[in-house]
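Written below as structure tokens is the structure these notes are about.
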Amino acid sequence: MRGVFLAIASLFLPLFAEGQANARLGGGPAVPIGDLADGTASAGSFLLAGLAIPVDEGYYLLLEGHHSRFGIKEVAYSHSNEGLADEGLASDAHRTLTGGNVSLLIEGIADPVGFYGHGGVGWARATSWPDRFTGRSDRTAEGEDADSGTSDHSFMFVFGLGVNLTFSDRVRLSLEARYNHARNVFDESARWIPVTAFVVMHL
């Protein structure tokens, strides 16, 4: 096992030594669309960390991990002494999508502004939880938990377009819009469009 790790390290260390690979860290709002928009708030948060490894001039292997969180806006019901009580929209419950993807990233020269695009595949874990402080979750009219502590896993794909702004030889700012699509979570497909600002650091 140690030999495997050393072999992998030997592949990537020259890239780090020459300052070719770059780390990406960012976040921003994410807008749900399609089926996901029917059961969530109009926008949520998106966090992402990634590593871009050069494979040729202007071409990178992009490895990313991401996390999205959306509030649930379906009608909530709670139990009381008088029976079920309609609490209105259940803004205290939430849905999360967490996963990773591998993509091919193609970028032009950023001096000082350049454009890039990427596309790839990955895997997502989707969960529905009540709020950890209030304990509220969205309930059906019969009083059953509709989305409480459930989880799904799904294949996903992603496409993104962005612009690079160069500040120095080692630091850039990237602004990006992407399309994420998890094929089968929450008994439906989940599609969302994050708009993200990245700090990109050459290693």
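Here are some notes:
- Heavy-atom accessible area ranking, 1.4 Å probe, most first, across I72, I109: I109, I72
- Sorting R191, R95 on solvent-accessible area from highest to lowest, probe radius 1.4 Å, gives R191, R95.
- Estimated distance in nm for a label pair at Y179 and H153, the labels positioned 7 Å out from Cα along Cα-to-Cβ: 2.7 nm
- Karplus 3J(HN,Hα) series, Hz, for the range 156-166 with 6.51 cos²θ - 1.76 cosθ + 1.60 (x for Gly, Pro): 9, 9, 9, 9, x, 10, x, 10, 9, 10, 8
- Accessible surface ranking that places the most exposed of E64, E188 first, with a 1.4 angstrom probe: E188, E64
- Interchain or long-range residues, amide H under 5 Å from I33's placed H: R191, W192, I193
- Spin-label pair V113/S45, simplified geometry with 7 Å Cα→Cβ offset, distance in nm: 3.1 nm
The values are calculated or read from the model by the stated rules, or taken from the named source; none is laboratory data. From a predicted model like this one, the values you see are computed outputs, not experimental measurements. Every residue, glycine as well, gets a Cβ built from its backbone with ideal geometry; the counts of neighbours run over all protein chains shown. Keep in mind that these areas ignore ligands, DNA and RNA; they rest on the heavy atoms of the full protein, side chains included. Shrake-Rupley method; radii C 1.70, N 1.55, O 1.52, S 1.80 Å.
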